[in-house]
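J.: Sharing a structure here in C-alpha cells format.
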Amino acid sequence: MGIEEENQKIEKSIRDIARDLLKNKEVDVIIGYTEGTVPLSTSPIIIRDEKDVDKLVWNNFCYINLAKYLAPRMPQLVDPEKGELKVGIVTKGCVGRALIQLAIEKQINLDNVKIIGIPCNGIVNRRRIEKEIGEKEILEVSVSEDNIIVKGKNFEESFPFSEYINELCKQCKIKSPPKVDSCVGECGEYESVFDEFNDVKEFESKTPDEKWEYINDLLSTCTRCYACREACPMCYCNLCFVDQNKPIWFGKTTDQTEILMFHLIRAMHMAGRCVACGACSSVCPVGIDLNLITRKLEQMVKERYNFTSGIDIDKFPPMMDFEMEDEQEFMLEED
Amino acid sequence: MSKVVFETEDEEEVKVDKDWKPRILAFLCNWCSYAGADLAGVSRIQYPATVRVVRVPCTGRINPFFILKALTDGWDGVVVSGCHPGDCHYISGNLVARRRFALLNELLEFFGIEPGRVNFMWASAAEGERFAVLIEKATERVKKLGPNKRFLKKW
Ligand code: SF4
Ligand code: SF4
C-alpha cells in the first residue's frame, strides 16, 4: 500500500472514531490536526461539533505534538462547572508516549482523555526540504507513491520519502501509541524497545574537538526564540529556567556559551522525559535539527537505567529515582 | 584570578608554561568531604593549593548550573565531592545526585567538553588522605587539558 492510501485510510478512521465519540457523548471535544495555512504544515484544531469532523486530516506534515494542547494547560478545556472536559485526541506514537509520560508526572488525568490511536508512517522533515528548495516559494506539497512532490511557480521537485522524513522518525520503533485503558483505534503493546543507538555511538567515537566543533556549528545560528521549548509537550514549567532572573545563572544573549548552556541544561531537563517526537526540530525557525541530542537522551536513560520514556505507565522515571547499585564508572578513584 | 593565563590567546605558549597551575573550584558536601578536607588540613597532608572550596549541604544540592557557571566564569576545572553512597547525611541525597552527575558528565562529553574538566568523587570525613590524593589526581587531569577555553564566556 502506498503512503497516500495509508494516509487516507488513517484519516478516514480518525474521522469515523471522532464522529462516534462525539455522537455518543463520550467526549466533549476532539483535538486533532487540520489543514495548515501554508504548505508543509498542519494546524491543531479543537472540534466540538459532530458536523465538523471532516476538518480533521492526517498526512505526513502533522509534526505538532498534540499532547501540548491538553488541560490543565489549555484553560479552554476546563469547564467552570463540570471541571475538565473529556477529550478525544488524535494520537500518533510519540503523542501517546507524551500522554503517558505526562500522566506519570501527574500533569494530566488520563481518565478524561480518549486516545484515538493511529499508526504513524513518518513525518516529513520540512526544514530540510525548505533548505533544499532555497529561496523559491513552495506552493503545494503532496506525497505520492514513495516521493514527496514539491510544486511552486515554474518548478516541481521530488524527494524520496524514506530519505526526507525526520531523522527521529527513521529510528522510531513506537509508531502507534502504547496501549492504555482509554485507547480507541490502533494501539500497540511495547514491553521494552530494542535499539542499538548506532547513530549516537558513531558521533561519540569522534574526538572532543570534533564533537565540540560539530555541536557549535549545529547550534551557532540559534536565536534563542524558545520555539523548541514551546512546542515541547514535556516543557510545561510555569517558570522556565531561561526566564528566571534570580539568580542569573547565564545571560539571555546569543553568545555562543549561552546558547550552549541553554541547550545543555534543557537536555538535562529532558533526560528520561523526552519522547522523541521531533516537534522541536520541526518548529525551529532557523532549521536547527536537535535530533542528535534527543537520541543521546534516549540512549543514556536506556543504557544506564533501562528506561524508555512513555511506554509504561507504571514505571517510575529514572531521574526521580535511584538505586544503590547504579553505575558510577565516571567517579574518580584512587589508583 | 591571574589574568595572565586567561588572556593568552596562543595555546602553545601556555603549554610551555610549566608553572601554570589550573584553578579548580570544588563543591564539597558539608558532612563528609568538607570535613575530609579539614582533616587533610589538620593532618598536614599536602594537596594543590589552587583548589577553592564551596561548601554545600549535600551533593544533592548541586544544580548542574553550579558546575557550568564555574566553567563559564573561567575556572579551569571543577571537582564535586560528597559522602560515599549509603553514607549520606540525608540518606539518599548523593544517590539522586549520582544519577544527575552521570547524565551531566555524559552530556558534557557529548557536547565536546574534554573528559577530566569536571570531576566527581566520594570522600568521607575520615578520609583526609584519600581526599588529598584524589584532588591531586583531578588537578593533574585538568593540568593536562590546559586552561579552560571551551565553556569560557568571552565578554
Ligand atoms: S526547558 Fe526546562 S525549565 Fe524550561 S520549560 Fe522545559 S523543562 Fe521546564
Ligand atoms: S527553536 Fe531553534 S532557534 Fe529557537 S531556541 Fe530552539 S533551537 Fe534555538
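The values are calculated or read from the model by the stated rules, or taken from the named source; none is laboratory data. Computed from a predicted model, the values in this text were never measured in an experiment. Heads up, the Cβs are rebuilt from the backbone with ideal geometry, glycines too, and the neighbour counts pull from every protein chain shown. Note: areas computed on protein heavy atoms with side chains; ligands, DNA, RNA excluded. Shrake-Rupley method; radii C 1.70, N 1.55, O 1.52, S 1.80 Å.
J.: How big is the gap, in Å, between the Cα center of the stretch A:51-74 and the Cα center of the stretch A:276-306?
T.: About 22 Å separates the Cα centre of the stretch A:51-74 from the one of the stretch A:276-306.
J.: Among B:Leu71, B:Val96, B:Ile113, which residue has its Cα furthest toward the positive end of the charge dipole of the stretch B:20-145, with +1 on Lys/Arg Cβ and -1 on Asp/Glu Cβ?
T.: My answer, from the dipole projection, is B:Leu71.
J.: Further, regarding this structure: Restricting the calculation to Cα positions, tell me the Rg (one decimal) and the Dmax (whole number) of the stretch A:52-196 in Å.
T.: Here Rg and the maximum Cα pair distance are 17.9, 56 Å.
J.: Does the stretch A:195-318 classify as rounded, prolate or oblate by the C-alpha gyration tensor (a ≥ b ≥ c root eigenvalues; a/c under 1.5 gives rounded; else a/b over b/c gives prolate, otherwise oblate)? List each step's numbers first, then the result.
T.: Details: a/c = 1.73, a/b = 1.17, b/c = 1.48.
Since a/c reaches 1.5 but b/c is at least a/b, the shape of the stretch A:195-318 is classed as oblate.
J.: Can you give the convex hull volume per residue for the Cα atoms of the stretch B:26-97, as a whole number of Å³?
T.: Dividing the Cα hull volume of the stretch B:26-97 by its residue count gives 80 Å³.
J.: Can you divide the C-alpha Rg of the stretch B:20-145 by 2.2 N^0.38 Å and report the result to two decimal places? Spell out each step's value before the answer.
T.: Working: Rg = 13.5 Å, N = 126, 2.2 N^0.38 = 13.8 Å.
The reported ratio for this selection is 0.98.
J.: Bin by bin, in steps of 10 Å, what percent of the Cα pairs in the stretch A:33-79 do you find, going until the bin that has the longest distance?
T.: 26, 46, 27, 1
J.: For chain B, what is the accessible area per residue in Å², given a 1.4 Å probe and the full set of protein chains?
T.: Numbers: 6950 Å² over 155 residues.
It amounts to 45 Å² per residue over chain B.
J.: Taking a probe of 1.4 Å and counting only protein heavy atoms, give the total accessible area buried between chains A and B in Å², rounded to the nearest 100. Please report the intermediate quantities before stating the final value.
T.: Details: alone 18120 and 9200 Å², together 22840 Å².
Interface area, both chains combined: 4500 Å², rounded to the nearest 100.
J.: For chain A, what is the calculated [θ] at 222 nm in deg cm²/dmol (nearest 500), taking -39500 (n - 2.57) for each run of four or more DSSP H residues and dividing by its residue count?
T.: Details: 10 runs with 105 residues, N = 335.
Estimated from H runs of four or more residues: -9500 deg cm²/dmol.
J.: In whole Hz and in residue order, list the ³J(HN,Hα) couplings for the stretch B:93-100 that follow from phi through the Karplus curve 6.51 cos²θ - 1.76 cosθ + 1.60, θ = phi - 60°; x for Gly and Pro.
T.: Coupling constants for the stretch B:93-100: x, 6, 6, 5, 4, 4, 4, 4 Hz.
J.: I would also like to ask the following. About the Cα centre of the protein assembly as shown, what is the dipole size in debye to 20, counting +1 per Lys and Arg Cβ and -1 per Asp and Glu Cβ, all else neutral?
T.: Working: 65 positive and 79 negative charges, 300 e Å.
Magnitude of the dipole: close to 1440 debye.
J.: Accessible area per residue, 1.4 Å probe, Å², for the stretch A:7-82: what's the number? Display every interim value, and only then the final one.
T.: On the way: 3790 Å² over 76 residues.
Dividing the accessible area of the stretch A:7-82 by its residue count gives 50 Å².
J.: Would you mind telling me the share, in percent, of accessible area of the protein assembly as shown contributed by carbon and sulfur at probe 1.4 angstrom? Could you put the intermediate results ahead of the total?
T.: On the way: 11250 of 22840 Å².
The C+S portion of the solvent-accessible surface of the protein assembly as shown is 49 percent.
J.: Just the Cα atoms of the stretch A:162-226, one point each, no solvent: what log10 I(q)/I(0) does Debye give at q = 0.18, 0.21, 0.29 Å⁻¹?
T.: Rounded to two decimals, the profile gives -0.92, -1.01, -1.19.
J.: Also: Out of the stretch A:92-146, which trypsin sites (Lys or Arg not before Pro) are coil in DSSP terms and have no more than 16 other C-beta atoms within 10 Å? Write out the running numbers ahead of the final one.
T.: Numbers: sites: A:Lys92, A:Arg97, A:Lys106, A:Lys114, A:Arg126, A:Arg127, A:Arg128, A:Lys131, A:Lys136; in loops: A:Lys92, A:Lys106, A:Lys136.
Within the stretch A:92-146, the qualifying trypsin sites (Lys or Arg not before Pro) (loop, at most 16 other Cβ atoms within 10 Å) are A:Lys106, A:Lys136.
J.: Sticking with this structure for a sec: With every protein chain left in place, what is the accessible area per residue of the stretch A:195-318 in square angstrom, probe 1.4 Å? Show your work: numbers first, answer last.
T.: Numbers: 5230 Å² over 124 residues.
Here the residues of the stretch A:195-318 average 42 Å² of exposed surface.
J.: So, R0 is 56 Å and r is the distance between the beta-carbons of A:Val193 and B:Val42; what FRET efficiency does that work out to, to 0.05? Each step should come with its number before you reach the end.
T.: Values: r = 54 Å, r/R0 = 0.96.
Step by step, r from the Cβ atoms, then E = 0.55.
J.: Another one. Using only Cα atoms, tell me the angle between helix B:33-42 and the longest principal axis of chain B; keep it within 0 to 90° and round to the nearest 10.
T.: It works out to around 80 degrees.
J.: Threshold 40 Å², probe 1.4 Å: give the residues of the stretch B:40-88, in number order, that are less accessible with all protein chains present than with their chain alone.
T.: At a threshold of 40 Å² (probe 1.4 Å), the residues of the stretch B:40-88 that become less exposed are B:Phe65, B:Leu68, B:Lys69.
J.: Looking at the stretch A:20-59, which trypsin sites (Lys or Arg not before Pro) are DSSP coil and have at most 15 other C-beta atoms within 10 Å of their C-beta?
T.: Numbers: sites: A:Lys23, A:Lys25, A:Arg48, A:Lys51, A:Lys55; in loops: A:Lys25, A:Arg48.
Within the stretch A:20-59, the qualifying trypsin sites (Lys or Arg not before Pro) (loop, at most 15 other Cβ atoms within 10 Å) are A:Lys25, A:Arg48.
J.: Here is a further query. Roughly how big is the stretch A:195-318's charge dipole about its Cα centre, with Cβ charges of +1 (Lys, Arg) and -1 (Asp, Glu), in debye to the nearest 20? Working shown, then result.
T.: Details: 14 positive and 18 negative charges, 99 e Å.
Roughly 480 debye, rounded to the nearest 20.
J.: For A:Asp16 and A:Lys206, what is the calculated FRET efficiency with R₀ set at 51 Å and r taken between the beta-carbons, to the nearest 0.05?
T.: On the way: r = 49 Å, r/R0 = 0.97.
Efficiency, rounded to the nearest 0.05: 0.55.
J.: While we're looking at this one, here's another question. Could you work out the mean count of beta carbons from other protein chains within 10 Å of each residue's beta carbon in A:259-270?
T.: Taking all residues of A:259-270 together, the mean is 4.
J.: Something else about it: Calculate the dipole size of chain B relative to its Cα centre from +1 charges on Lys and Arg beta carbons and -1 charges on Asp and Glu beta carbons; express the result in debye to the nearest 20. Mind dumping the intermediate values first?
T.: Working: 23 positive and 19 negative charges, 87 e Å.
Result for chain B is approximately 420 debye, rounded to the nearest 20.
J.: A further question on this structure: Under 5 Å between amide hydrogens, which residues at least 5 positions from A:Glu84 or on another chain qualify, with H placed 1.01 Å from N in the peptide plane?
T.: For A:Glu84, whose amide H was placed from the backbone, the distant partners under 5 Å are A:Asp79.
J.: For the protein assembly as shown, list log₁₀ I(q)/I(0) at each q in 0.06, 0.10 Å⁻¹, using the Debye formula over Cα point scatterers of equal strength and ignoring solvent, two decimals each.
T.: So the normalised log intensities work out to -0.33, -0.83.
J.: Return the average number of partner chain Cβ atoms within 10 angstrom of each residue Cβ along peptide A:318-326. Walk me through the numbers before you get to the answer.
T.: Values: counts 2, 4, 2, 3, 11, 4, 5, 1, 5.
If you average over the peptide's residues, the count of other-chain Cβ atoms is 4.
J.: Using Cα centres only, tell me the gap between the stretch B:22-78 and the stretch A:179-224 in whole Å.
T.: What the calculation gives is 34 Å, centre to centre.
J.: Sorted by mean Cβ packing within 10 Å, highest first, what order do the peptides B:118-131, B:33-46 take? Show your work: numbers first, answer last.
T.: On the way: B:118-131: 22.1, B:33-46: 17.5.
Ranked from most to least packed, the peptides come out as B:118-131, B:33-46.
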